[in-house]
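The values are calculated or read from the model by the stated rules, or taken from the named source; none is laboratory data. All figures in this text were calculated on a predicted structure; none of them were measured in a lab. Here the Cβ is made from the backbone with ideal geometry for all residues, glycine too, and neighbour counts use every protein chain on show. With ligands, DNA and RNA removed, areas are computed over all heavy atoms of the protein, side chains included. Shrake-Rupley method; radii C 1.70, N 1.55, O 1.52, S 1.80 Å.
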Amino acid sequence: MASGTPFHFAIETPSGVFIEGDDITAVEITTDVGKLGIMARHEPIVAACPPGLMRICQGGEWITFRTNRSILVCDGSTVKLLTPLARLAVG
């Protein structure tokens, strides 16, 4: 369980916002150069991410998503993942 200061997070696809929330406390994703963990007030970053799994901690629970190739954008207060396709990973 990741506790900490919540921040705004969204996964956006060409068809619209897939998921969005202001109560995310952590994001874990693999980038083209390695794994990345993001919490509130992270340094601004833009990163290319390969297709695969990513996780967010929302309300003390980890939720896993499967995404296509994507771009992660963090400005220090908001984290956005831009991807052509995203879905909830089950199982």
Query raised in the report: Over all Cα pairs of the chain, how is the pair count split among 5 Å bins, expressed in % and running from 0 up to the last occupied bin?
Result: 3, 15, 28, 29, 19, 6, 0
Query - Unit charges on C-beta of K, R, D, E only; dipole of segment 1-47, Debye - result: 140 debye
Requested in this report: Report the relative contact order of the chain, percent, no decimals, based on alpha-carbon pairs under 8 angstrom and at least 6 residues apart.
Outcome: 30 percent
Query raised in the report: When the accessible area of segment 1-58 is computed with all protein chains present and a 1.4 Å probe, what percentage of it is carbon and sulfur?
Result: 56 percent
Query raised in the report: Size of the dipole of the chain about the Cα centre, Lys and Arg at +1 and Asp and Glu at -1 on the beta carbon, nothing else charged, in debye to 20?
Result: 300 debye
Report task. Counting other Cβ atoms within 10 Å, keep those with at most 14, restrict to DSSP loop, and tell me which trypsin sites (Lys or Arg not before Pro) in segment 1-81 are left. Result -> R41, R69
Query raised in the report: Along the positive direction of the dipole of the chain (beta-carbon charges: Lys, Arg +1; Asp, Glu -1; about the Cα centre), which of A47, I19, V73 reaches farthest?
Result: A47
Query - Residue-span extension gain [L53 to D75] - 0.36 nm each, minus C-alpha spacing - result: 5.7 nm
**Report entry** Accessible area per residue, Å², the chain with all protein chains present, probe 1.4 Å
**Finding:** 56 Å²
